[in-house]
Amino acid sequence: MSETFENKYHSFNRGELPLGCRFCVRGEKLVLFVTGICPRNCYFCPVSDQKYQKDLIFANERPVLSPTDIIKEAEMMKAKGAGITGGDPLAKVERVVEYILLLKKHFGKDFHLHLYTSLNLVTEETLKKLFAAGLDEIRFHFDLDSKLLWKKLELARKFFWKIGVEIPLLPAKEKETFAVLEFVKDKIDFLNLNELEIADNSQSKLSDMGFCVKDNMSYAVAGSLELGQKIIEYAEKKQLELPIHVCTAKLKDSVQLANRIKREAEGAKLPFDVVDEEGMLIRGALYLPELAPGFEYRKRLGSMDLSKFVAVLNPLFERVKKELRLNDSELFLDEKKPRILLSKYKIKQNRALFKKLKLLAAIVTEYPTNDQLEIEVEFFS
């Protein structure tokens with residue numbers, strides 16, 4: 001990729017980045033997954049097996065059981081907007097409208113909302129509902145193998161919002177990608193081209209079709225970024241006015257996600273937690289021996305009645321608090337992953353007490369996200 005177009009986020013753009021992207025790269029956008037249902041069956045789909053074609057809702061990694069869960073997650077990360085995705089959000093358009101109204105009412109009209117959708121479910125009535133609710137930016141995923149629905153783009157042009165087209169860079173579809181550029185060059189506000197990645201799920205058939213990663217350190221497909229180079233340099237040569245952003249795998253992983261994690265850490269950390277430079281939480285933890293991290297830990301958490309472990313931990317929590325003369329801000333009973341949390345320094349200083357109480361003491365490094373995924377667990381005897 002020509003260095004002429006490289007930006008500080010390790011991606012490439014000609015013209016200004018879309019506003020939605022500017023929020024995203026700073027980690028300021030909530031990822032609102034409104035449903036896994038989709039009318040398409042794309043062989044490069046990155047949606048996980050947990051979500052694919054299932055009507056589930058997530059705000060970042062938090063399962064949404066009620067609309068208040070969305071607000072909680074957005075507040076925790078101090079979000080300035082949200083990207084609405086799926087599946088295809090238009091499969092549940094009334095739900096999307098409800099969430100747009102909810103977010104705009106709670107955070108104000110400047111809370112920026114963009115939405116990703118295919119053209120399959122687009123109707124003028126549906127678009128009118130989205131626009132009236134307050135959607136700021138809509139991004140269409142074109143089918144590269146059929147132009148049948150491309151004309152639906154004209155429906156979106158009836159409303160005063162920002163319109164983009166966002167497609168993956170498939171090395172085997174160079175001709176079709178250029179056809180998209182020619183079709184949209186004077187019809188939309190921006191074109192986003194995403195470096196293709198091989199997903200670790202059942203739906204993605206890229207490996208079976210002969211696509212391979214560009215190196216051992218990446219899931220990005222060889223040749224994908226080079227196609228983006230051709231597109232952006234062609235647009236420059238033809239002096240097209242259309243802004244184009246080639247969004248790289250490095251941007252998504254090393255910038256966008258990393259910045260969001262750091263924002264979440266500031267909202268999720270407990271008073272005694274240490275936040276490292278990557279936004280991971282470092283904390284002390286006390287486990288019951290039968291529910292400590294180890295083989296199939298996540299599977300065990302999902303299959304057991306956790307309330308009985310919380311009941312066992314309650315008196316132990318009070319005992320630790322009394323013995324160490326701690327106040328309410330210095331320890332926490334985590335009911336989601338039954339354990340007692342406290343400072344890593346308290347863990348090191350009081351191992352004899354914890355051993356006496358038959359609790360396993362550890363220093364844990366984990367994500368600040370709702371799933372609290374462990375990166376490292378160091379046990380102390």
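The values are calculated or read from the model by the stated rules, or taken from the named source; none is laboratory data. Keep in mind it's a predicted model, so treat the numbers as computed, not measured. Positions of Cβ are generated from backbone atoms using ideal geometry, with glycine treated the same way; all protein chains shown enter the neighbour counts. Quick note on the areas: whole protein, heavy atoms, side chains included, nothing else; ligands and nucleic acids left out. Shrake-Rupley method; radii C 1.70, N 1.55, O 1.52, S 1.80 Å.
A few points about this structure:
- Checking each residue in the range 277-294 for being closer than 14 Å to GLU374 by Cβ, open to solvent by less than 20 Å² (accessible area, probe 1.4 Å) and not in a helix (DSSP H, G or I) picks out MET280, LEU281, ARG283, GLY284, ALA285, TYR287, ALA292.
- Sole residue being among the acidic types (Asp, Glu) and surrounded by fewer than 18 Cβ atoms within 10 Å (Cβ to Cβ), chosen from GLU137, GLU124, GLU197: GLU124
- Scanning the range 161-168 for residues that are open to solvent by 30 Å² or more (accessible area, probe 1.4 Å) and of a type outside the set (D, E, K, R) turns up nothing.
Results for (1) under 17 Å from VAL246 (Cβ atoms); (2) touching a strand residue (DSSP E or B) at 6+ places or on another chain (Cβ under 6 Å); (3) free of Cβ contacts under 8 Å to residues at least 60 places away in the same chain, shown as yes or no for each residue.
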residue: LYS152; (1), (2), (3): no, no, yes
residue: LYS173; (1), (2), (3): yes, no, yes
residue: PHE183; (1), (2), (3): no, no, yes
residue: ASN192; (1), (2), (3): yes, yes, no
residue: ALA222; (1), (2), (3): yes, no, yes
residue: ILE232; (1), (2), (3): yes, yes, no
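- Taking the criterion of being surrounded by fewer than 19 Cβ atoms within 10 Å (Cβ to Cβ), touching a residue at least 40 places away in the same chain (Cβ under 8 Å) and not β-branched (Val, Ile, Thr), the residues of the range 349-371 that qualify are LEU357, LYS358, ASP371.
- Residues satisfying the stated conditions in the range 246-278, i.e. under 15 Å from the mean Cα position of the chain (by Cα) and of a type in the set (Gly, Ala, Ser): ALA249, SER254, ALA258, ALA265
Residue-by-condition table, conditions (1) part of a loop (DSSP other than H, G, I, E, B); (2) among the hydroxyl-bearing types (Ser, Thr, Tyr); (3) free of Cβ contacts under 8 Å to residues at least 60 places away in the same chain; (4) surrounded by fewer than 19 Cβ atoms within 10 Å (Cβ to Cβ):
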residue: LYS299; (1), (2), (3), (4): no, no, yes, yes
residue: ALA311; (1), (2), (3), (4): no, no, yes, yes
residue: PRO315; (1), (2), (3), (4): no, no, yes, yes
residue: GLU318; (1), (2), (3), (4): no, no, yes, yes
residue: LYS321; (1), (2), (3), (4): no, no, yes, yes
residue: LEU326; (1), (2), (3), (4): yes, no, yes, yes
residue: SER329; (1), (2), (3), (4): no, yes, yes, yes
residue: PHE332; (1), (2), (3), (4): no, no, no, yes
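- Subset tally (residues that are under 16 Å from PRO18 (Cβ atoms) and open to solvent by less than 30 Å² (accessible area, probe 1.4 Å)) for the range 244-276: 7
- Hey, LYS344 touching a strand residue (DSSP E or B) at 6+ places or on another chain (Cβ under 9 Å) and open to solvent by 90 Å² or more (accessible area, probe 1.4 Å) or not: no
Every residue, every condition in (1) crowded, with 16+ Cβ neighbours inside 10 Å; (2) under 24 Å from ASP189 (Cβ atoms), yes or no:
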| site | (1), (2) |
| --- | --- |
| LYS29 | yes, yes |
| PRO39 | no, no |
| PRO46 | yes, no |
| LYS51 | yes, no |
| ASP69 | yes, no |
| MET76 | yes, no |
| GLY81 | yes, yes |
| LEU90 | yes, yes |
| VAL93 | yes, yes |
